[in-house]
Amino acid sequence: MAQRRQFITWAGGVGARLAGRLGGWWYTPESDQSAQAILDTLRHNIQLLRAQQPDIVAQGCLFEIVWPHVSNLIVPNRLRADFGEDTVAVPRRHFRFEQMMYPGYYSAADSNHYRWDARPAGQAPGTPDLSRSEAQLWFYYCATRQLDAGCEALHYGQIQLIDDRDPGHRAIWRLMQRIRRYARTRNRGFVLCDAHTHGEYYDPEPSRSLPDSVRQLLFDFHACPLRPNEADTVRAGTHSAHLDLDSWGNPTGAIFRLSKGGRAPGGWLCQHLPAQAEFDNGPTGIVDKPGQWPLVWGRDEITWFANQPSAYRSAWLVYAQGRVRELDPDAYFQMPGVRGVELASYPHGMYWATEAGQSETIWAIWAGETAAEAKRLRPVVVPHPGPVK
């Protein structure tokens, strides 16, 4: 499993805009004070954004990883009471890491699946089992605190990792309904939920599920990596890539035309739930060598992108915006604002659109000023201008 933290990206749609992954923590805070400091920064950043863009929707994250020092954090009594705990008999307690984990976390046979590194049980971060009440309580804590800070959207990460023991997604559905009820008391009274998936359903009776056209979808929209295809330009010494449809039935492939439909949480029916395509990040392979799917020229998607010359990056964003809409009218391209990369040329391992020269292009795309250029670029792969500068 990759151990890379996810960072901020941006999506521009019609009307409101989404500021993706502003909140949440990949590395669990080591103390209540640390958690509060992170949330205070989140609240401040959201206030700054809304001062410039009042209708912006800020997104937080509930990631599929928990570190053992979560046991340092105190569970707020109001959340314990929501889960039916007796806060009089036990007036104070901490989170219990061991009660969040899959049984396989403690098994040598399954440890590679449920532990995020090679350290022994109790030291390695683990994947939470959302069929367990303690894991749900942790997700509820993360959600409510980010909603309190001003978030109105929540990304649930790799949902398939946390649902191994939840047939029909019954436990996850109850948790999400609890979070939605809480969201109705905060901010503008809503929360938009998504995850890395082509589609997940809530089935009260898993053995007797309804037809997909009317099944209850878990999320308000789906999100998946872009999955660029390497262009056949290796003989010319270039490393360009383009977007296309992925193979059908590939749950980790591009989402274009594959977002599942049914009954959305808002009650409306759709053939395809709206989808978001974004730059992925993860481990690096053999750099510049093609054919290491899902890597692009041996790098994760955002690192491949950040490694290109600035002019190519700007042109590729214009191309990708138009190409995504051409491939799938229900899909939207999320712009990269800030994202972690594996490149020594970027200070602190961070790609910033403002410093990398793409902010003006992104604003032009949002303003609708690049439609003609996108149309010109869509039929062919964006020409690569040469070596990285």
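The values are calculated or read from the model by the stated rules, or taken from the named source; none is laboratory data. Everything quoted here is computed from the prediction, not taken from an experiment. Counting neighbours? That spans all protein chains shown, and the Cβs are built from the backbone with ideal geometry, glycine included.
The table below lists the values:
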| read-out | value |
| --- | --- |
| Residue pairs meeting the criteria (Cβ under 9 Å; at least 6 apart or on separate chains; first farther than 16 Å from Arg93 by Cα, in the stretch 64-77; second assigned to a loop (DSSP other than H, G, I, E, B) and among the acidic types (Asp, Glu)) | Trp67/Glu30 |
| Per-region count, the stretch 357-378, residues surrounded by fewer than 18 Cβ atoms within 10 Å (Cβ to Cβ), touching a residue at least 40 places away in the same chain (Cβ under 8 Å) and either touching a Cys at 6+ places or on another chain (Cβ under 7 Å) or within 18 Å of Phe279 (Cβ to Cβ) (or both) | 2 |
| Verdict on Glu30 being touching a residue at least 40 places away in the same chain (Cβ under 8 Å), over 22 Å from Ile179 (Cα atoms) and part of a loop (DSSP other than H, G, I, E, B) | yes |
| Residues of the stretch 185-197 satisfying the condition of being over 13 Å from the mean Cα position of the chain (by Cα) and either at positive phi or not basic (Lys, Arg) (or both) | Thr185, Asn187, Gly189, Phe190, Val191 |
| Number of positions in the stretch 43-79 that are assigned to a loop (DSSP other than H, G, I, E, B) and either surrounded by fewer than 18 Cβ atoms within 10 Å (Cβ to Cβ) or among the aliphatic types (A, V, I, L, M) (or both) | 9 |
| Candidates Tyr346, Tyr351, filtered to the one that is in contact with a strand residue (DSSP E or B) (Cβ under 9 Å, 6 or more places away or on another chain), aromatic (Phe, Trp, Tyr) and at pLDDT 95 or above | Tyr351 |
| Within the stretch 6-42, considering residues that are surrounded by fewer than 17 Cβ atoms within 10 Å (Cβ to Cβ) and farther than 18 Å from Pro76 by Cα, the one modelled with the lowest pLDDT | Val14 |
| Count - residues of the stretch 248-288 that are surrounded by fewer than 12 Cβ atoms within 10 Å (Cβ to Cβ) and in contact with a Gly (Cβ under 6 Å, 6 or more places away or on another chain) | 1 |
| Residue within the stretch 264-273 that is in a helix (DSSP H, G or I), in contact (Cβ under 8 Å) with a residue 40 or more places away in the chain and aliphatic (A, V, I, L, M) present | no |
| Tally, over the stretch 232-248, of residues that are at pLDDT 70 or above, farther than 15 Å from Gln292 by Cβ and more than 20 Å from the chain's Cα centre (by Cα) | 4 |
| Selection from the stretch 293-303 of residues that are in a helix (DSSP H, G or I) and buried (at least 24 other Cβ atoms within 10 Å of the Cβ) | Ile302, Thr303 |
| Single match in Lys375, Lys289 (criterion: at pLDDT below 95 and either part of a helix (DSSP H, G or I) or among the hydrophobic types (A, V, I, L, M, F, W, C) (or both)) | Lys375 |
| Restricting the stretch 313-347 to residues that are buried (at least 23 other Cβ atoms within 10 Å of the Cβ) and assigned to a loop (DSSP other than H, G, I, E, B), the residue that is farthest from the chain's Cα centre (by Cα) | Val341 |
| Enumeration of residues in the stretch 122-135 that are buried (at least 21 other Cβ atoms within 10 Å of the Cβ) and among the polar types (S, T, N, Q) | Thr127 |
| Given (1) assigned to a strand (DSSP E or B); (2) at positive phi, number of the condition Gly122 does not satisfy | (1) |
| Residues being assigned to a loop (DSSP other than H, G, I, E, B), under 15 Å from Tyr141 (Cα atoms) and not aromatic (Phe, Trp, Tyr) - total across the stretch 93-119 | 3 |
| Any hit, the stretch 130-146, residues being farther than 23 Å from Gln177 by Cβ, at pLDDT 95 or above and not aliphatic (A, V, I, L, M) | no |
| Which numbered condition Gly84 misses (of (1) in a loop (DSSP other than H, G, I, E, B); (2) out of contact with any Asp or Glu (no Cβ under 9 Å at 6 or more places or on another chain); (3) in contact (Cβ under 8 Å) with a residue 12 or more places away in the chain) | (3) |
| Evaluation of Val214 against (1) under 29 Å from Met335 (Cβ atoms); (2) surrounded by fewer than 21 Cβ atoms within 10 Å (Cβ to Cβ); (3) of a type in the set (A, V, I, L, M) (one fails), failing number | (1) |
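Residue by residue, here is whether (1) surrounded by 14 or more Cβ atoms within 10 Å (Cβ to Cβ); (2) of a type in the set (Phe, Trp, Tyr); (3) assigned to a loop (DSSP other than H, G, I, E, B) holds:
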residue: Leu137; (1), (2), (3): yes, no, no
residue: Ala143; (1), (2), (3): yes, no, no
residue: Gly157; (1), (2), (3): yes, no, yes
residue: Gly168; (1), (2), (3): yes, no, no
residue: Met176; (1), (2), (3): yes, no, no
residue: Arg188; (1), (2), (3): no, no, yes
residue: Cys193; (1), (2), (3): yes, no, no
